[in-house]
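Quick notes on the structure that follows.
The values are calculated or read from the model by the stated rules, or taken from the named source; none is laboratory data. None of the values given here were measured: they were computed from a predicted structure. Heads up, the Cβs are rebuilt from the backbone with ideal geometry, glycines too, and the neighbour counts pull from every protein chain shown.
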Amino acid sequence: MNFYSKIQQSSSDPLIMGILNLTPDSFYDGGRYTNLDQIISRVQTMIDEGVDIIDLGAFSSRPGSQLISLKEEEKRLFPALIKIRELFPKTTLSIDTYRYQIAEQAIKYGANIINNIYINKYPKQMAKIVQKYNTPYIIMHMKGEPKNMQKNIQYNNFKNEIYMFFKNCINELNKINFDKIIIDPGFGFGKTLLQNYNLINMIPELKKLSYPVLVGLSRKSMIFKALNQEPENCLNGTIVANTIALTKGANILRVHDIKEAIQTKKIVQLVQQNHLED
């Protein structure tokens with residue numbers, strides 16, 4: 001079974017994607033993993049805890065962040081990717097990038113998945129790359145771009161715009177005979193706090209598009225602002241949000257805290273698999 005087939009079948013056994021930010025400025029763990037020793041140590045810990053996918057990101061997409069140069073992204077990402085692939089050849093690696101140049105080189109270095117948060121930047125070029133290499137492709141909804149996405153948020157019809165965004169993206173990819181698609185609703189990317197919670201309730205509707213749904217809620221502003229806490233104090237809120245997302249049908253949880261996400265998944269599975277008749 002190839003890995004995308006495993007993702008397609010993950011409704012009964014959701015997958016855990018661990019976040020590894022190779023950045024100095026990400027909202028939660030920025031600066032923790034900026035040298036190879038720190039990075040390799042974290043990868044080993046994630047694997048030991050049971051992670052299914054590791055998502056490497058070399059630029060911050062937090063609200064208000066500025067896009068870094070292509071050269072800076074290469075400098076941060078490629079040495080880490082090459083070393084991780086050398087030391088952990090069987091680990092499934094996802095690359096969080098919107099640049100088709102980065103995506104193609106990352107695939108050549110051994111990346112298994114491309115995770116694109118900024119579909120509208122280079123849609124045709126990125127589609128061509130994932131189609132060429134037959135690489136599973138995460139498409140995420142974002143209103144605007146990171147530096148302005150949380151300013152003046154407006155939708156004519158929130159649910160319809162989200163749904164049609166994905167339907168149109170999928171249609172364009174299907175036109176080039178590509179269907180290894182994963183949907184990411186884009187929690188925190190151009191949505192108000194309450195719209196993010198509306199989005200959790202949309203998961204079953206998005207699954208009607210017949211592709212796996214990835215949910216990235218971990219320690220985000222929709223949680224820490226709702227609880228009036230710092231991200232560091234929002235593990236409990238993340239666990240609750242992930243629990244609800246799993247009951248709605250999420251196929252992949254993208255998280256900072258691997259062990260806790262696996263525990264969450266196990267409890268949800270036990271509830272779902274054990275129904276006593278009256």
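At a glance:
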quantity: Of all residues in the range 170-180 being assigned to a loop (DSSP other than H, G, I, E, B) and of a type in the set (D, E, K, R), the one that is surrounded by the most Cβ atoms within 10 Å (Cβ to Cβ); calculated: Lys180
quantity: Candidates Lys147, Lys128, Lys124, filtered to the one that is surrounded by fewer than 13 Cβ atoms within 10 Å (Cβ to Cβ), more than 20 Å from Glu205 (Cα to Cα) and of a type in the set (D, E, K, R); calculated: Lys124
quantity: Near pairs, Cβ below 6 angstrom, 6+ apart or cross-chain, from the range 225-249 (without any contact (Cβ under 8 Å) to a residue 24 or more places away in the chain) to any residue that is charged (D, E, K, R) and in a loop (DSSP other than H, G, I, E, B); calculated: Cys234/Arg219; Thr238/Arg219
quantity: Pairs with Cβ under 7 Å, 6+ apart, first in the range 199-219 and on the phi > 0 side of the Ramachandran plot, second outside any loop (DSSP other than H, G, I, E, B) and at pLDDT 95 or above; calculated: Arg219/Thr238
quantity: Set Ile68, Ile47, Ile107, Ile129: member being over 17 Å from Asp184 (Cβ atoms), part of a loop (DSSP other than H, G, I, E, B) and in contact with a Ser or Thr (Cβ under 9 Å, 6 or more places away or on another chain); calculated: Ile68
quantity: The range 136-169, residues that are of a type in the set (Val, Ile, Thr) and outside any loop (DSSP other than H, G, I, E, B); calculated: Ile138, Ile139, Ile162
quantity: The range 156-169, residues that are over 13 Å from Asn120 (Cα atoms), surrounded by 16 or more Cβ atoms within 10 Å (Cβ to Cβ) and within 19 Å of the chain's Cα centre (by Cα); calculated: Ile162, Tyr163
quantity: Qualifying residue in the range 256-264 (condition: of a type in the set (D, E, K, R), modelled with pLDDT of 95 or more and part of a loop (DSSP other than H, G, I, E, B)); calculated: yes
quantity: Selection count where residues are within 18 Å of Ile39 (Cα to Cα), of a type in the set (Asp, Glu) and in contact with a helix residue (DSSP H, G or I) (Cβ under 8 Å, 6 or more places away or on another chain), scope the range 72-111; calculated: 2
quantity: Complete set of residues in the range 221-236 that are over 18 Å from the mean Cα position of the chain (by Cα), assigned to a helix (DSSP H, G or I) and buried (at least 19 other Cβ atoms within 10 Å of the Cβ); calculated: Phe224
quantity: Residue in the range 181-194 that is surrounded by fewer than 22 Cβ atoms within 10 Å (Cβ to Cβ), in a helix (DSSP H, G or I) and either in contact with a Gly (Cβ under 9 Å, 6 or more places away or on another chain) or hydrophobic (A, V, I, L, M, F, W, C) (or both) present; calculated: yes
quantity: Qualifying residue in the range 42-55 (condition: under 30 Å from Thr192 (Cβ atoms) and without any contact (Cβ under 8 Å) to a residue 40 or more places away in the chain); calculated: no
quantity: Among (1) modelled with pLDDT under 85; (2) outside any loop (DSSP other than H, G, I, E, B), the one test that Ile16 misses; calculated: (1)
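For (1) within 21 Å of Ala250 (Cα to Cα); (2) exposed (fewer than 14 other Cβ atoms within 10 Å of the Cβ), each residue gets a yes or a no:
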{"residue": "Ile113", "(1), (2)": "yes, no"}
{"residue": "Ile138", "(1), (2)": "yes, no"}
{"residue": "Gln154", "(1), (2)": "no, yes"}
{"residue": "Pro204", "(1), (2)": "yes, yes"}
{"residue": "Arg219", "(1), (2)": "yes, no"}
